[in-house]
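Q: Okay, here's the structure, questions in a sec.
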Amino acid sequence: QVQLVESGGGLVQAGGSLRLSCKASGRVLGFSAMAWYRQAPGKQRELVAGIYSGGDTKYADSVKGRFTISRDRAGNAVYLQMDSLKPEDTAVYYCMGSSGANYWGQGTQVTVSS
């Protein structure tokens, strides 16, 4: 069984930074793609950033230039460096790993105060 565990969320003032981590455990052979999603209260879950086996990355327009996604060589961990945070970045952030099936973490809360 594969488990993804996020960490690094918290409360930060606008303009501050946080670094989210997500590490896989269990029967992991490396994900072909990993991503961060977020869900704010009353809104749908949305893709924040994704990184693929060839190293390509994709970002939501709202975070381009502020967030950076990276992963370890084994493809079992993914990170999200979040800079210049805004109150509208407040949400629960989830990591996702894709290897045939999609696996999700339990989420970590990020709160940005104005």
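The values are calculated or read from the model by the stated rules, or taken from the named source; none is laboratory data. Not measured: the values here are computed from a predicted model. No Cβ is skipped: glycine too gets one built from the backbone with ideal geometry, and neighbour counts run over all protein chains shown. All accessible areas refer to the heavy atoms of the entire protein, side chains included, with ligands and DNA or RNA removed. Shrake-Rupley method; radii C 1.70, N 1.55, O 1.52, S 1.80 Å.
Q: Students sometimes get this wrong: rank ARG66, ARG71 by accessible area, probe 1.4 Å, all chains present, largest first.
A: These residues rank, largest area first, as ARG71, ARG66.
Q: Along the Cα-to-Cβ line of GLN1, 7 Å from the Cα, sits a label point; which residues in the stretch 81-97 have backbone N less than 18 Å from it?
A: 97
Q: For MET96, what accessible surface area do you get with a 1.4 Å probe? Give it in Å², rounded to 10.
A: Near enough 20 Å² of accessible area.
Q: Give me the number: length gained by fully extending LEU29 to SER98, i.e. 0.36 nm times residue separation minus the C-alpha to C-alpha distance, one decimal in nm.
A: Full extension of this stretch gives 23.7 nm more.
Q: A follow-up question, please. Please give the net charge around PHE31, taking every other residue with its beta carbon less than 11 angstrom from that of PHE31, where Lys and Arg add +1 and Asp and Glu add -1.
A: For residues surrounding PHE31, the net value is 0.
Q: With a cut-off of at most 10 other beta carbons within 10 Å, and DSSP calling the residue loop, which trypsin sites (Lys or Arg not before Pro) in the stretch 1-33 qualify? Please list them.
A: ARG27
Q: Would you list which aspartates and glutamates come within 13 Å of LYS64, measuring only between C-alpha atoms, while excluding same-chain residues fewer than 8 positions from it?
A: By straight Cα distance, LYS64 reaches ASP83, ASP89.
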